[in-house]
Amino acid sequence: MKKIAIIGFGTIGKKLYEQINKEHLLEVLFIYDPKGEVPSPIALPNRPSGVDFAKVDLVVEVAVSQVVEEYGVEIVKHTDFMPFSITALANQNLFNEITQKASAHQHQLFVPHGAILGLDGIFDGRTLFDQVQIVTIKNPKSLGRNDLERTVVYEGNVRNVAALMPRNVNVHAALALAGVGFDHTKSVLISDPDTKENMHIISASSSDIVIEIVSKSNPIGAVTGAFTPVSAYGSIKRALGIFEKGVTVV
């Protein structure tokens with residue numbers, strides 16, 4: 001049975017742990033959370049410095065971008081890594097170091113699609129697209145704001161917004177990595193007090209192709225939509241080669 005480690009035990013981490021225990025397709029070797037809210041049998045009591053990551057087949061990060069900055073390079077020296085705080089990788093030096101170490105040690109950096117759909121298609125067509133854009137619309141509370149009317153919070157490239165609002169635009173960073181990069185992917189972030197949903201609108205186009213994808217989900221945490229934990233579990237299983245019997249979507 002494949003073994004994983006989870007760093008972070010918030011909304012996504014707890015949902016993942018519940019689903020893994022329900023299906024028994026994976027084994028969670030340990031979970032680390034800075035807040036110390038992990039069930040004691042599998043809790044890592046101290047910071048994971050010096051942990052033998054080689055004991056697991058995959059480390060899944062569902063905490064904050066600082067975790068990727070602090071442990072990402074060390075993790076890929078020993079095993080595969082799936083970070084959900086993708087905005088950390090907008091730091092070009094960090095991204096280069098992680099990918100170079102992963103390649104040197106024959107490990108993989110997996111980019112999960114999280115709250116959005118279609119990253120596989122964006123990745124396949126990335127050399128063809130002239131424009132890639134993502135528009136995210138959230139209630140002000142999800143953005144830590146108190147706007148009373150619809151407000152464009154940010155419009156520009158993904159690299160800049162990843163530094164400004166890292167917790168709210170991980171899907172923007174994932175889209176950038178899958179497609180035309182942080183500097184060439186356009187990001188729009190809108191605060192709308194009249195919406196209760198997290199909404200993401202992706203568009204990618206060239207002279208021969210037009211792709212538009214819209215996803216909506218109700219928030220189940222401070223910034224997490226209802227679809228994200230479900231998609232996260234699917235991404236983990238595919239990364240580890242665990243597929244549904246009979247039908248495989250590729």
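Read-outs: derived from the displayed coordinates by stated rules, not from any lab. None of these values were measured; they are calculated from a predicted model. With ideal geometry, Cβ positions are generated from the backbone for all residues, glycine too; neighbour counts draw on all protein chains shown.
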> Mind listing the phi-derived Karplus ³J(HN,Hα) values for the range 118-123, rounded to whole Hz, using 6.51, -1.76 and 1.60 with θ = phi - 60°, and x for any glycine or proline?
Replying inline: x, 5, 5, x, 4, 5
>> Could you work out the percent of alpha carbon pairs in the range 1-143 separated by over 28 Å, rounded to a whole number?
In response: 23
> For T79, T224, T87, what ranking results if the residue with the fewest other Cβ atoms within 10 Å of its Cβ goes first?
Replying inline: T79, T224, T87
> Normalized C-alpha radius of gyration of the range 35-86, against 2.2 N^0.38 Å?
Replying inline: 1.11
> To the nearest 0.05, how large is the calculated FRET efficiency for H105 and E244 if R₀ is 25 Å and r is the Cβ-Cβ distance?
Replying inline: 0.25
>> What's the ranking of 242-249, 56-63 by average number of surrounding C-beta atoms within 10 Å, highest first?
In response: 56-63, 242-249
> Around E27, with a cut-off of 15 angstrom between Cβ atoms, what is the net charge of the other residues, counting Lys and Arg +1 and Asp and Glu -1?
Replying inline: +2
> Given H placed 1.01 Å from N in the peptide plane, which residues other than close sequence neighbours of G225 have an amide H under 5 Å from its amide H?
Replying inline: I220
>> How tilted is helix 92-104 with respect to the longest principal axis of the chain? Cα atoms for both, answer in degrees (0 to 90, nearest 10).
In response: 40
>> Return the Rg/Rh ratio of the chain with Cα-based radii and a Kirkwood Rh.
In response: 0.96
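Over the range 119-221, what per residue volume does the convex hull of the Cα atoms give, in whole Å³?
93
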>> Helix 65-78 against the longest principal axis of the chain: what's the angle in degrees, Cα atoms only, rounded to the nearest 10?
In response: 50
> Fully extended, how many nm does the chain gain between N218 and E149 (0.36 nm per residue separation, minus their Cα-Cα distance)?
Replying inline: 22.9 nm
> By count of other Cβ within 10 Å, fewest leading, how are L240, L189 ordered?
Replying inline: L240, L189
> How many angstrom separate the Cα center of the range 36-66 from the Cα center of the range 143-172?
Replying inline: 29
> Using θ = phi - 60° and the Karplus curve 6.51 cos²θ - 1.76 cosθ + 1.60, what whole-Hz ³J(HN,Hα) does each residue of the range 32-40 get, with Gly and Pro shown as x?
Replying inline: 10, 9, x, 7, x, 9, 8, x, 4
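Show that you can apply the helix-only estimate: for the chain, add -39,500 (n - 2.57) for every DSSP H stretch of four or more residues, divide by all residues, and state [θ] at 222 nm to the nearest 500.
It comes out at -9000 deg cm²/dmol, rounded to the nearest 500.
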